[in-house]
Amino acid sequence: MDETVAEYIRRTVLKMPRDEIKTMLQKWGFLSEAQLQTLNFCQVKESISQDVVQLCEENSADIKQAAVLDIIYNHVYPNKRVWSVYQMNKTGEETEVFDLTDFKNKFKRRLRSALKNVTINFREYEDNAIWIRIAWGTPYTKPNQYKTSYVVYHSQTPYVFISASVLRSNLPLLCQALVVASNYCDICEMELRSHSLNSLKDIVFKRYSQNFQTYCPRPLQERPAALENDLRIIQENRNEREKIERVNREVFGDGPLPKIEFAQYKLETMFKSDPKMNVLDKKEPFRCLVKFSSPHLLESLKSLAPAGMADAPLSPLLTCIPQKARNYFRIREKKGLFPGSFVSP
């Protein structure tokens, strides 16, 4: 077995939680059940990884098997990466029967025609998700297995999720290969990113749509008795709290929210003054960047009004993230309006 393959397998095993190593190796299927029985999973991970490498040497593992093990790990822990959403488009509405073998062949042929030093591996999962792992090289160097791009494509949908450790010059090659292999015409980035791959899927596949803006307030008699009987809360405050609760649920819904860690807003506007005052000599626009971040941004925004830290409802620029399927915004001055009037394109 090649020394670089052995080292890569060792490092992949070391990334796994010790109590999950056996399960992942079983999913891998490269080692026999008899070989797995010889492993002591109670020892330190360094020793486990070396024993796994020894068994892989007996089976003459190559980079293809090592790549599959890496895909399995990333499928179990997709939140270790930052994912960007891309949308493909085609002319006409005709649907085609998806052929996985044809997709793989077209993808590999297109990518390798532009760059020969590249390794490509596929793995299919039950939800029609095709995971693609690409390790990039250059015309003069072998593929770097430690800086890989991951692509998750759901067949019969126009959406692609890409997590890339790739030179900017290689990203167009990847996008071209996807378009050709899936029989689309073009592809564009949606300005929607997150560590949570499942939340991105929830947004673009509209899995949350039944919860958003469908809230109907329950009759007061169905509300918790503790709130109705709490004599310390005067009627005015109680009504205000109920109003905030109702508005908040109308905006955010009752169900779980997609997990987004940040939202970024770029503002571009012009300061205007009387020409006679000559306050502003330059005509360059004023620019600033505002970024909101949280382990779970939408849940944090949802809690602001009930906590008394913001008025309800919140600005649509904050609450529209799932509906618009984006968390990167550019806010520009709307032409023809007075200074201070802005729109997000």
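The values are calculated or read from the model by the stated rules, or taken from the named source; none is laboratory data. Being a predicted model, the structure only gives us computed values, none of them experimental. With ideal geometry, Cβ positions are generated from the backbone for all residues, glycine too; neighbour counts draw on all protein chains shown.
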Complete set of residues in region 56-83 that are among the small types (Gly, Ala, Ser) and buried (at least 17 other Cβ atoms within 10 Å of the Cβ): Ala61, Ala66, Ala67
All positions within region 38-55 that are among the hydroxyl-bearing types (Ser, Thr, Tyr) and surrounded by fewer than 14 Cβ atoms within 10 Å (Cβ to Cβ): Thr38, Ser47
Residues satisfying the stated conditions in region 290-313, i.e. outside any strand (DSSP E or B) and in contact with a Phe, Trp or Tyr (Cβ under 9 Å, 6 or more places away or on another chain): Ser294, Leu297, Leu298, Glu299, Ser300, Leu301, Lys302
Hits in region 154-193 (condition: of a type in the set (Gly, Ala, Ser) and part of a helix (DSSP H, G or I)): Ala177, Ala181, Ser182
Test: Leu69 is in contact with a helix residue (DSSP H, G or I) (Cβ under 6 Å, 6 or more places away or on another chain) and either under 27 Å from Gln176 (Cα atoms) or of a type in the set (Val, Ile, Thr) (or both): yes
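One line per residue, one yes/no per condition, for (1) more than 23 Å from Trp136 (Cβ to Cβ); (2) touching a residue at least 60 places away in the same chain (Cβ under 8 Å); (3) of a type in the set (Val, Ile, Thr); (4) not assigned by TED's automatic domain parsing to the domain that holds Arg133:
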residue: Thr12; (1), (2), (3), (4): no, yes, yes, yes
residue: Met24; (1), (2), (3), (4): yes, no, no, yes
residue: Glu33; (1), (2), (3), (4): yes, no, no, yes
residue: Val44; (1), (2), (3), (4): yes, no, yes, yes
residue: Ser49; (1), (2), (3), (4): yes, no, no, yes
residue: Ser60; (1), (2), (3), (4): yes, no, no, yes
residue: Lys64; (1), (2), (3), (4): no, no, no, yes
residue: Ile71; (1), (2), (3), (4): no, yes, yes, yes
Among residues of region 255-283, those that are of a type in the set (Asp, Glu), surrounded by 10 or more Cβ atoms within 10 Å (Cβ to Cβ) and at pLDDT below 80, counted: 0
Some residue of region 288-295 being in contact with a strand residue (DSSP E or B) (Cβ under 8 Å, 6 or more places away or on another chain), surrounded by 14 or more Cβ atoms within 10 Å (Cβ to Cβ), aliphatic (A, V, I, L, M) and at pLDDT 85 or above: no
Tyr77 vs. criteria touching a Ser or Thr at 6+ places or on another chain (Cβ under 6 Å) and aromatic (Phe, Trp, Tyr): no
Residue match in region 84-102 (condition: under 28 Å from Leu25 (Cα atoms), in contact (Cβ under 8 Å) with a residue 40 or more places away in the chain and surrounded by 17 or more Cβ atoms within 10 Å (Cβ to Cβ)): no
Count - residues of region 1-16 that are in a helix (DSSP H, G or I) and within 25 Å of the chain's Cα centre (by Cα): 5
